[in-house]
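The values are calculated or read from the model by the stated rules, or taken from the named source; none is laboratory data. In this text, all values refer to a predicted model and were calculated from it rather than measured experimentally. Using ideal geometry, Cβ is built from the backbone for each residue, glycine included, and neighbour counts are taken over all protein chains shown. Accessible surface areas use protein heavy atoms only, side chains included; no ligands, DNA or RNA. Shrake-Rupley method; radii C 1.70, N 1.55, O 1.52, S 1.80 Å.
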Amino acid sequence: TQLLEQSPQFLSIQEGENLTVYCNSSSVFSSLQWYRQEPGEGPVLLVTVVTGGEVKKLKRLTFQFGDARKDSSLHITAAQPGDTGLYLCAGKGSGGSNYKLTFGKGTLLTVNP
Amino acid sequence: DAGVIQSPRHEVTEMGQEVTLRCKPISGHNSLFWYRQTMMRGLELLIYFNNNVPIDDSGMPEDRFSAKMPNASFSTLKIQPSEPRDSAVYFCASSFLRMNYGYTFGSGTRLTVV
């Protein structure tokens, strides 16, 4: 079974601060996705990273895939209250499991004005 | 496209009753997934359909759970009989079966079994 551990589980910061959340596994994934979920809604895809060492930027969000494709990080610069939400990482299997996304339990981020 | 549509948004039922959750995927997507989300266990995959055919139902908790996809635009998840431990948010998601394609989730059904 492929497991994804996310840390921290909860994070509360002030507007304007920077933060990093982590997603770690002992398994190798063919790709890794990050989602953000707001209360009462389903997760929404932010980014997909595929290549080991890959870095992608989405405005103030920077995503990195580890060289061994086992871990990832999400860095937010100058956080804003609109960034509040549950951030989920999800790893996609390979071969016969290439349809399957395994989700971490998420990091609940609160950005206070 | 209106996205993935789930109904109802909220369901409160008594233990032992039958519950049916509904999902309309995005037109053209060939894969459909049912997930359950709880605080303790996070998002768990219950069942996966490809081209309306169930491919992986290993996540279905027990025989009380069943899912169908009679056509490309509709799927149901049924719990009979329901139990309090089934209380959770149930999500339907659809996608293309391609390596790096993401899932589009519905807004979920919050099920409470009392």
Next item on the list: Spot the failing condition for A:T51; the list is (1) among the polar types (S, T, N, Q); (2) modelled with pLDDT of 95 or more; (3) more than 22 Å from B:L43 (Cβ to Cβ); (4) more than 11 Å from the chain's Cα centre (by Cα), and only one is missed.
Entry: (2)
Next item on the list: Among the residues of the stretch B:80-104, write down those that are among the aromatic types (F, W, Y) and either open to solvent by 70 Å² or more (accessible area, probe 1.4 Å) or at the interface with chain A (Cβ under 8 Å from one of its Cβ atoms) (or both).
Entry: B:F91, B:Y101, B:Y103
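Of everything in the stretch B:61-71, what is open to solvent by 20 Å² or more (accessible area, probe 1.4 Å) and at pLDDT 95 or above? Give them in sequence order. Reasoning before the result, please.
From the stretch B:61-71, those open to solvent by 20 Å² or more (accessible area, probe 1.4 Å) are B:61-64, B:66-71; that's our starting set.
Across the stretch B:61-71, the qualifying residues are B:R64, B:S66, B:A67, B:K68, B:M69, B:P70, B:N71.
Are any of the residues in the stretch A:41-58 open to solvent by 70 Å² or more (accessible area, probe 1.4 Å), touching a residue at least 24 places away in the same chain (Cβ under 8 Å) and either within 13 Å of chain B (Cβ to nearest Cβ) or touching a strand residue (DSSP E or B) at 6+ places or on another chain (Cβ under 8 Å) (or both)? So that I can check it myself, show each step before the final result.
Of the residues in the stretch A:41-58, the ones open to solvent by 70 Å² or more (accessible area, probe 1.4 Å) are A:41, A:44, A:51, A:55-58.
From what is left, the residues that are touching a residue at least 24 places away in the same chain (Cβ under 8 Å) are none.
For the stretch A:41-58, residues open to solvent by 70 Å² or more (accessible area, probe 1.4 Å), touching a residue at least 24 places away in the same chain (Cβ under 8 Å) and either within 13 Å of chain B (Cβ to nearest Cβ) or touching a strand residue (DSSP E or B) at 6+ places or on another chain (Cβ under 8 Å) (or both): absent.
Please determine, by comparing only the residues of the stretch A:67-82 that are open to solvent by less than 10 Å² (accessible area, probe 1.4 Å) and under 13 Å from the mean Cα position of the chain (by Cα), which one is farthest from A:T20 (Cα to Cα).
First pass over the stretch A:67-82, keeping only residues open to solvent by less than 10 Å² (accessible area, probe 1.4 Å): A:72, A:74, A:76, A:79.
If we keep only those that are under 13 Å from the mean Cα position of the chain (by Cα) as well, we get A:72, A:74, A:76.
Values: A:S72: 10, A:L74: 6, A:I76: 6 Å.
If we take residues in the stretch A:67-82 being open to solvent by less than 10 Å² (accessible area, probe 1.4 Å) and under 13 Å from the mean Cα position of the chain (by Cα), then A:S72 is farthest from A:T20 (Cα to Cα).
If I ask for residues that are among the hydroxyl-bearing types (S, T, Y) and either within 14 Å of B:L111 (Cα to Cα) or open to solvent by less than 30 Å² (accessible area, probe 1.4 Å) (or both), which ones from the stretch B:1-38 would you list? Quick ask: steps written out before the conclusion?
Step one: filter the stretch B:1-38 for residues among the hydroxyl-bearing types (S, T, Y), giving B:7, B:13, B:20, B:27, B:31, B:35, B:38.
Listed by number, the residues that qualify are B:S7, B:T13, B:T20, B:S31, B:Y35, B:T38.
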